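Inspection log for the structure reproduced underneath, given as C-alpha cells.
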Amino acid sequence: MFKLLKFIYGRRVIAIALLSIVLISLVGYIIYLEISPVYPKRDLVGVIRIEGYIEEPSVLRRYVDVINQAISNDSIKAVVIIIDSGGGYADYIEQIYLDLMMLKERKPLVASIISALSGGYYIAVAASYIFAHPTSMVGNVGLKASIPPILIPSEIYIETGAYKWTGFSSLLFPFNLSRALDNFLSAIEKNRGNKLKIPRDHLKRALIYLGIEALELGLIDEIGSFQNAVEKAAKMANLARYDVVEIKPKTMQESTFQSEFSGYPLTNITMLTMDILNILHPPPAIHYIYLPPEAIISSSHSTSPAEFNSTISTSEGNVIVDISHGNKVSWWVLDKLIFELAKMNASVSFAYSWSDLYSKLEKASALIVASPTKPYSTEEVNTIEKYVREGGLLFLFFDPSWEYIGMEGLKYEILTPINSLAIRFGLSFAKGYLYNEKECFGIYRNIYVRKFGNHTLTWNLNSLVFFTATGIHPVHKGIAWTSNETYSSVAERADEYAVIIAVKKGSGTVIAIGDLTFLMEPYCYVEDNYKLIINIASLMANVSIQIPGKEGGVVKEEITKPDLPVGTEKIFKEWIDGKEYVFRWIKISRREIIIERENQTTHYYLTEDDALERWVSDGRECIYEKPIPELPYPLTRGKSWSHKTNFTLIIEGTRYLGEIIERSYVNSFENIIAEDGKTYFCAKIEYSREEIILINENVMEISLTGNYWISSEAGTVKQDFIIRYYINNSLVGLERYVNILVSIKK
C-alpha cells in the first residue's frame, strides 16, 4: 500500500514550490474462574476483570485469551468488563481495545469502572455503556514515552542505517507521540459520540476526573455498581434468566514482571517507575499509562547530556563555564556554542572549583552559569557582581527539566541555586515550566517564541522553539516572549512570558535564558535556534553582528516576481533521505513547465494568471477544482496565505477524489549560496501541505512541512522538507527531502 502511495505522488511533493511562480500487569490477580467445558442450560453473562498495569506479554496473552473465549463461547450472551487499571504499554492497550471492539460487534459489552486511567480508560471506551462509582478515577488521557537513546557507534557492531539502533529520530519523536495521542482521542470520540461533552483540547490535558464529574462530561454513561452493569448487559442481550460467570485464561502464564522484580509487592502502584518500564520495554517505547509524579523522581534516569562531564582543558579562555556549583552543563550541551566561538577566535575553559573560576574571571569576556545545583555564597555573588559592573558579560541559563536538576538540585528546592545569583541583578527564574496546547513543536512543552524586542541578541530572529522552558521575572525587562496563549504549569494561567531577559549592571550586561536544550543538536537546528546560538557567540566573543547590506546599504526585504521567460532552464540537485539525484526544470511555453528526472517527466499546466490547474506524469493526471494561485508577490516579512481545494486524480483511467490544504508564511530573508557559488537574496517561506485521497477504501495522506527559499532572480533556490506518509491514520513512511539550485540559464 505504501508503494502505491509513493507511486501516486511520485516525487511531486515539491511541485508547487518548484514552479517558483506557482507554488499485571500488576495483575495482583486476573481472572480465576474458568467456564466449565459442559455449558450450563442458562444463558451466561461473562465477566472479565482488567486489573493493574498491562506491561508484559504474559499479561496481554491472558486478556487476549479471555476475550477470545467470550467471543467464541455461544453460551455467553453478554459481557461485563470490570476495570481497575492505570493502563500500560501502548501496543498492548491497543490490542485489547481492538479485540474488545470485535467482541462488541458480536455481543453487548458493558464496562464497570473502579479506576480507569490513561490506557485503562482507552479500554473502557470500547464498551457500549460505561458505569462508574461516584468517586472512581477516570481519564488521564495521554501517554508517556522514553525518548530514543543517543547512539554511540561501535566498529564491532555495525548497522545499515542511521536509525537502525534507535528506530526513531529524537527530534521527530514528539510528532510520533502526537499521532499516538490522536489515535487515543479518536477512539474516545468515535465510541462516545454525541455523549461526549468535553472538547478534544481539554481531554489532551490529561486531567483525572471523579466518576460524578466524568458523568457530566460524557466520559461515562451512568453512576452505578457492578450489579447495575450486569443487569444492563443482560437487558441489552434480552436475557430473562441468566447466570454470571467470571472468565479466566485456559493456561496461567508466569509473569516476567514478577520474576524480574519479585521483591516488590505487586499491589503497590508507586513501585512502578519509568526505569522499570524501560527495563520491560527499552527506549524508544510508548505507554498509555498513569504513574504518580514520584515515579519520575524515583527513576535513576540514564546518563543525560548534562552528565557528560567536561574534559576540556582548564587553560585560559575568553569564555568561562562554571561547573564548581554542581552545574548540570557540559561540553555535550555547549558543543555548538563552543564551535561558533572557536570560529570567532574565542576559546572556552571550564572552571572546576571556585578558586579556579576566581583566578580566570578578571580576563574573561563572558561567564556562563548554567543550571547550578548548589547555591552561591554571598562572597561569590559579590565577586560576580563586581565582574559585571566592571564591564563583564554574564549568561545565566536555567532549564526546569529533570535532567538539569537531579536529586542535588531538588535538595536545594530547584530554583534556589540559580536565583541565589540572579536576584542580585534584579531578576529571577520562575517556578514550573511553560506550555502551549494550541501551538507547539510536537508536544505541548515544546513552545514557540515569536515576539522579540530590539536587542543585539535577538537580531534576525523570527521564531524559536524552546524545549521545556521556564519564564523569567520581571517580564518588562524581557527581549523575547511567548505568545499570550502560553501557560505556566504552576500559575495555571495564560500570559506572555519572558524567556530571555537582558539587564544592564554598571558597565556590564546580564543575559538570562530559560532553556538549555535549544543549544544542543538536533534541537539547535529547529526554526531560528541556531541563529540565536550565533548571536550568543558574537556577544561573548565581542564580535559585532553585521546586518546584510549592499555596498554599505541595507537590503530591502522584498522579493518581487521572478522574470523567467520561455526557454528558462534550471538544474537542481536533490537529496531524498541522503540519496543524491539531479533534475531539470524547463519553462517550455507561457503556460507549461516540465520537470525531468531520470525515470519520470511531469508536465505542469498553468492558467492565464499563472495558477496551477493540473499536472500530468506517466499515466497519472491531477486536476485541481480551484487552481493553486501563484505566490502573492511582492513577498515581505510576515506575509501569509493559504489555499484549499478539492482535486481529481486519474490513474490509468480510474478517478479518485482528494483534498489539498496548504499554508505559507514569509518567515525571514536570507542569503542562499547555490551549487555554482552564486549568492541569492531569498525570502524564507515556512510551508505546510496536507493531501488526502481515498483509494480502494483506504485513506491516503501526505503531510509535508518545512521551508523553501525564493529569489527575485531565479525563483526557487532551495527547499527543505520533512514528508510523512499515512495510510488510514497510520504512519507508514517518512522522508527528508532537500534540493538546491545548481545553475540557471534564461
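Each value in this text was obtained by applying a stated rule to the coordinates, not by laboratory testing. None of the values given here were measured: they were computed from a predicted structure. So basically every Cβ, Gly included, is an ideal-geometry build from the backbone, and we count neighbours across all protein chains shown.
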Q.
With the cut-off at 26 Å, tell me which of the pairs LYS190/LYS438; LYS451/LYS678; LYS626/LYS678 have Cα atoms farther apart than that.
A. LYS451/LYS678; LYS626/LYS678
Q) If the chain between GLU569 and TYR525 were fully stretched, how many nm would it gain, using 0.36 nm times the residue separation less the Cα-Cα distance? A) 12.6 nm
Q. Ordered by residue, what ³J(HN,Hα) values in Hz, to whole numbers, does region 716-726 give under the Karplus form 6.51 cos²θ - 1.76 cosθ + 1.60, where θ = phi - 60° and Gly and Pro are x?
A. 5, 10, 8, 9, 8, 10, 9, 10, 10, 10, 10
(Q) What whole-number volume per residue, in cubic angstrom, does the convex hull of the C-alpha atoms of region 305-540 give? (A) 111
(Q) At 0.36 nm per residue, and after removing the present C-alpha to C-alpha distance, how many nm does the segment from TRP459 to LYS746 gain when stretched out fully? (A) 99.7 nm
Q. Can you sort ILE588, ILE740, ILE286 by how many other beta carbons sit within 10 Å, fewest first?
A. ILE588, ILE740, ILE286
Q. How much length is gained on full extension from ASN238 to LYS386, taking 0.36 nm per residue of separation minus their Cα-Cα distance?
A. 44.8 nm
Q: Please report GLU598, GLU439, GLU56 as a ranked list, fewest other C-beta atoms within 10 angstrom at the top and most at the bottom.
A: GLU598, GLU439, GLU56
Q | lysines whose Cα lies under 23 Å from that of LYS328, excluding same-chain neighbours fewer than 8 positions away | A | LYS336, LYS360, LYS374, LYS411, LYS431
Q: Calculate one ³J(HN,Hα) per residue across region 342-359 by plugging θ = phi - 60° into the Karplus curve 6.51 cos²θ - 1.76 cosθ + 1.60, and present them in order as whole Hz with x for glycine and proline.
A: 4, 5, 9, 6, 10, 10, 10, 9, 9, 9, 8, 9, 5, 4, 5, 5, 4, 6
Q. Taking neighbour Cβ counts within 10 Å as the exposure measure, how do LEU464, LEU177 sort from fewest upward?
A. LEU177, LEU464
Q | Using a Förster distance of 51 Å, the FRET efficiency for ASP618-ARG493 (Cβ separation, nearest 0.05) | A | 0.35
Q) In the structure shown, do any of LYS573/LYS746; LYS107/LYS144; LYS343/LYS505 have a Cα-Cα gap over 24 Å, and if so which? A) LYS107/LYS144; LYS343/LYS505
Q: Could you pull out every one of the lysines with an alpha carbon less than 17 Å from that of LYS684, ignoring same-chain neighbours closer than 8 positions?
A: LYS531, LYS556, LYS561, LYS639, LYS718
**Q.** Placed amide H near ASP243: partners under 5 Å, 5+ positions off or other chain
**A.** ASP43, LEU44, VAL45
